[in-house]
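My questions all concern the structure below.
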Amino acid sequence: MELTHAMSEKIYSKTFEAGEDIIRIGDAGRNAYFIENGAVEVTLPGKDGIKVLAKMGKGEIFGEMSIIDDAPRSATVTAKENTEVIVIELSRYMQSLESSNPMMHLILRLVLSRFRQAGPQTNDGITTSVTENNSMNEIRSLALEKIRFEREMRDGLKAKEFEIHYQPIISLKDGKIAGFEALMRWYKGNKFISPGHFIPLAEETGLIVELGRVALTTGLQDHIQFTNILEENSAFMSINLSGLQISELGEIEHLAAIIKESDLIPAQIKLEVTETLMLEDFLHAKETLEKFKNLGVSIALDDFGTGFSSLSYLHQLPLDTLKIDQAFVNDMNKTKKSMRVVESIASLALSLNMNIVAEGIENKDQYIILKDLGCQFGQGYYMSRPLPKEEIQKLLLTRPTW
Ligand code: C2E
Ligand code: CA
Ligand code: CA
């Protein structure tokens, strides 16, 4: 939502009178232009006067190279009649290309600079050397860093360096363990790499699909053992799902098969999704969640309160649980506002017939406040950090309560 809003501010119409310059040679390139009506001429000053490179009319686009960099304009574009253009500010595209796919950005910049060197003024056709400026070097090292990291992740997956740890989720009323959240861990040798670092990269590179299967399969298998120790089967296992994992039907079916083939009853399985997943294609997300829901699993909305949190879609989705983001819990006893946010989420969940899990409970005060506000479940370092399977098994044998 925020994205669409920001984007819409960056696209607007503008009218130029005949003879007016829309782009001047040497200006920094910041926009692309789409011709709605009228005509333009692309020109270069030459020894024998102005040289016309091209004429363009309705439906054509110019200045689009600034999607790649903001190198100075290499030609002038002048309106030949009254011309209406749609101005598309490109800085945002350039930034997102740079951050999401630096290698593609690097390649495009190299192509562009070769193209420019072979441009009309140096018309010898062949250019072999490309001068790289500092910003290009930066992009190059960013691109290489990401590519190395992707290779390390792929190697790590083969070498089974990824593990799943479990954080108990507590029923606040009686202080007993009600379930667990499966959280991915990557130990590269002795080095711990935080999921906050590798999950976003796994999402960008598509590796999250494979990692997500590991989390689901392992999480369900280990939960059978936890259930055996608990000697009852009401405790649930919560698994995080990324948007990419449910963007393709084939993968949805694969995940559904893992769920069906597990020896758990589906009611013991919870899938955690975030709002970003709903933003891209609401209908698809809704249908997919309904498919999972029909298998008998429950669905939690993760990090609630951090996204755009439109209430209008909440009741349209088959959600069972809202997870209040830890930022609110953290600030709860510091600011009145956070307290009120938690309070209203709690009453919202109640009226929508949903459960609440409060995340990031770090002390007893928070535990008590949340319990008094009517939150059913809580999760946080105060009760337990995420632990490897063996430690959870040991913990369960002590029948802990908080
Ligand atoms: P999340 O789903 O919001 O997970 C909760 C995070 O809060 C975990 O961070 C957990 O260790 C941390 N946490 C729990 N209690 C406390 C507390 O009392 N205080 C503080 N400060 N933090 C607490 P973690 O394990 O670093 O995971 C970070 C994020 O990585 C997760 O956030 C989730 O978005 C993602 N992630 C982890 N595992 C997976 C996975 O298997 N699949 C997907 N798609 N994402 C995953
Ligand atoms: Ca989660
Ligand atoms: Ca969360």
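This table checks each residue for (1) within 16 Å of ligand 3 (Cβ to nearest atom); (2) hydrophobic (A, V, I, L, M, F, W, C); (3) in the same structural domain as Ile169 (by TED's automatic domain parsing).
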| position | (1), (2), (3) |
| --- | --- |
| Lys364 | no, no, yes |
| Tyr367 | no, no, yes |
| Lys371 | no, no, yes |
| Gly378 | yes, no, yes |
| Arg385 | yes, no, yes |
| Lys389 | no, no, yes |
| Gln393 | no, no, yes |
| Trp402 | no, yes, no |
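So which of Ala202, Ala257 is open to solvent by less than 10 Å² (accessible area, probe 1.4 Å) and either out of contact with any strand residue (DSSP E or B) (no Cβ under 8 Å at 6 or more places or on another chain) or at pLDDT 95 or above (or both)?
On the way: Ala257 fails: open to solvent by less than 10 Å² (accessible area, probe 1.4 Å).
Of Ala202, Ala257, the one residue that is open to solvent by less than 10 Å² (accessible area, probe 1.4 Å) and either out of contact with any strand residue (DSSP E or B) (no Cβ under 8 Å at 6 or more places or on another chain) or at pLDDT 95 or above (or both) is Ala202.
Another question about this same structure. Within the range 310-325, is even one residue touching a helix residue (DSSP H, G or I) at 6+ places or on another chain (Cβ under 8 Å), under 16 Å from Gly374 (Cβ atoms) and more than 16 Å from ligand 3 (Cβ to nearest atom)?
Among the residues of the range 310-325, not one is touching a helix residue (DSSP H, G or I) at 6+ places or on another chain (Cβ under 8 Å), under 16 Å from Gly374 (Cβ atoms) and more than 16 Å from ligand 3 (Cβ to nearest atom), which makes the answer no.
Additional query: Among the residues in the range 167-187, are any in contact with a Pro (Cβ under 9 Å, 6 or more places away or on another chain), of a type in the set (Val, Ile, Thr) and away from ligand 2 (no atom under 16 Å from the Cβ)?
Among the residues of the range 167-187, at least one is in contact with a Pro (Cβ under 9 Å, 6 or more places away or on another chain), of a type in the set (Val, Ile, Thr) and away from ligand 2 (no atom under 16 Å from the Cβ), which makes the answer yes.
Which residue out of Ile361, Ile299, Ile369 is at pLDDT 90 or above, of a type in the set (A, V, I, L, M) and closer than 22 Å to Ala267 by Cβ? Walk me through it before giving the result.
Numbers: Ile361 fails: closer than 22 Å to Ala267 by Cβ; Ile369 fails: closer than 22 Å to Ala267 by Cβ.
On inspection, the qualifying residue turns out to be Ile299.
Given the conditions (1) surrounded by fewer than 13 Cβ atoms within 10 Å (Cβ to Cβ); (2) without any contact (Cβ under 8 Å) to a residue 40 or more places away in the chain, which single one is not true for Pro72?
(2)
Please give the strands (runs of 3 or more DSSP E) falling wholly within the range 12-67 in which 3 or more residues are hydrophobic (A, V, I, L, M, F, W, C).
Numbers: elements: 21-23, 31-37, 39-46, 49-57.
Because the criterion is at least 3 residues that are hydrophobic (A, V, I, L, M, F, W, C), the strands (runs of 3 or more DSSP E) in the range 12-67 that meet it are 31-37, 39-46, 49-57.
Residue-wise test of (1) touching a strand residue (DSSP E or B) at 6+ places or on another chain (Cβ under 8 Å); (2) within 30 Å of His284 (Cβ to Cβ).
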residue: Leu317; (1), (2): yes, yes
residue: Thr335; (1), (2): no, no
residue: Leu348; (1), (2): yes, yes
residue: Met354; (1), (2): yes, yes
residue: Ser384; (1), (2): yes, no
residue: Pro400; (1), (2): yes, no
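Further, regarding this structure: Do any helices (runs of 4 or more DSSP H) lying entirely in the range 89-188 carry at least 3 residues that are among the acidic types (Asp, Glu) and either closer than 18 Å to Leu211 by Cβ or modelled with pLDDT of 90 or more (or both), and which ones are they? Steps first, answer last, please.
Values: elements: 91-100, 102-117, 134-158.
Once the helices (runs of 4 or more DSSP H) in the range 89-188 are filtered for at least 3 residues that are among the acidic types (Asp, Glu) and either closer than 18 Å to Leu211 by Cβ or modelled with pLDDT of 90 or more (or both), what remains is 134-158.
The values are calculated or read from the model by the stated rules, or taken from the named source; none is laboratory data. In this text the structure is predicted, and so the values were computed from the model without any measurement. Cβ: placed from backbone, ideal geometry, glycine included. Neighbour counts: every protein chain shown. Areas reflect the complete protein model, heavy atoms only, side chains present, ligands, DNA and RNA absent. Shrake-Rupley method; radii C 1.70, N 1.55, O 1.52, S 1.80 Å.
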